[in-house]
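Asks: Right, I'll just put the structure down here and ask away after.
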Amino acid sequence: MTPGTSTTTDSDPTSSDQRRLLGYGLAAIIAVTALSAGAGYAVQAWTGLEETTILAMPVAISPGSFALYGAVVSATFLVTLALVFYTVSMLERSDEFELE
């Protein structure tokens, strides 16, 4: 192998951009999960509560429950945002091929 040659077979820049965006999304979800767990710990430590009732359902106040909530909410938001961008992209592409 000569110096300076690339050994990657993936030359499509869009696939590397998609992987990069997926990595950023996963990093954001992990960060929100960690921050939510910290918030759960702080709420439990400061208030002394272990459980509360929301809409007649008992909800545990713990780092795990806050982390789960943060992960689900952030993943739902990011997936919805990705679907909106994908839909707008498809609509823009369909305008390019419109016949008059």
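Residue-wise test of (1) among the acidic types (Asp, Glu); (2) free of Cβ contacts under 8 Å to residues at least 24 places away in the same chain; (3) touching a helix residue (DSSP H, G or I) at 6+ places or on another chain (Cβ under 7 Å); (4) under 26 Å from ALA82 (Cα atoms).
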{"position": "GLY23", "(1), (2), (3), (4)": "no, yes, no, yes"}
{"position": "ILE30", "(1), (2), (3), (4)": "no, yes, no, yes"}
{"position": "GLY48", "(1), (2), (3), (4)": "no, yes, no, no"}
{"position": "ILE54", "(1), (2), (3), (4)": "no, yes, no, no"}
{"position": "MET57", "(1), (2), (3), (4)": "no, yes, no, no"}
{"position": "ALA67", "(1), (2), (3), (4)": "no, no, yes, yes"}
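Asks: Among (1) modelled with pLDDT under 90; (2) more than 19 Å from SER36 (Cβ to Cβ), there is one condition VAL84 misses while meeting the rest; what is its number?
Replies: (1) is the only condition that VAL84 fails.
Asks: If you go through the stretch 38-75, how many residues are under 28 Å from ALA27 (Cα atoms) and hydroxyl-bearing (Ser, Thr, Tyr)?
Replies: The total comes to 5.
Asks: On the basis of being out of contact with any Leu (no Cβ under 9 Å at 6 or more places or on another chain) and either at pLDDT below 90 or at positive phi (or both), does VAL59 make the cut?
Replies: Yes.
Asks: Also, I was wondering about something else. Kindly establish whether VAL73 is among the β-branched types (Val, Ile, Thr) and not in a helix (DSSP H, G or I).
Replies: no
Asks: Looking at the stretch 73-87, I want the residues that are under 17 Å from GLY23 (Cβ atoms) and have a partner that is part of a helix (DSSP H, G or I) and among the small types (Gly, Ala, Ser) with Cβ atoms under 6 Å, at least 6 apart or on another chain. Which pairs are those?
Replies: Hits for this filter: LEU78/GLY25.
Asks: Please work out if ALA82 is among the hydrophobic types (A, V, I, L, M, F, W, C), in a helix (DSSP H, G or I) and more than 29 Å from THR14 (Cβ to Cβ). I'd like the intermediate steps shown before the answer.
Replies: On the way: among the hydrophobic types (A, V, I, L, M, F, W, C): yes; in a helix (DSSP H, G or I): yes; more than 29 Å from THR14 (Cβ to Cβ): no.
So ALA82 fails the test.
Asks: Go through the stretch 31-56 and give me each residue that's part of a helix (DSSP H, G or I) and either exposed (fewer than 13 other Cβ atoms within 10 Å of the Cβ) or at positive phi (or both).
Replies: Residues satisfying the conditions are ALA31, ALA42, ALA45, TRP46, THR47.
The values are calculated or read from the model by the stated rules, or taken from the named source; none is laboratory data. All values derive from a computational prediction rather than experimental measurement. Ideal geometry is used to build each Cβ from the backbone, glycine not excepted, and the neighbour counts take in all protein chains shown.
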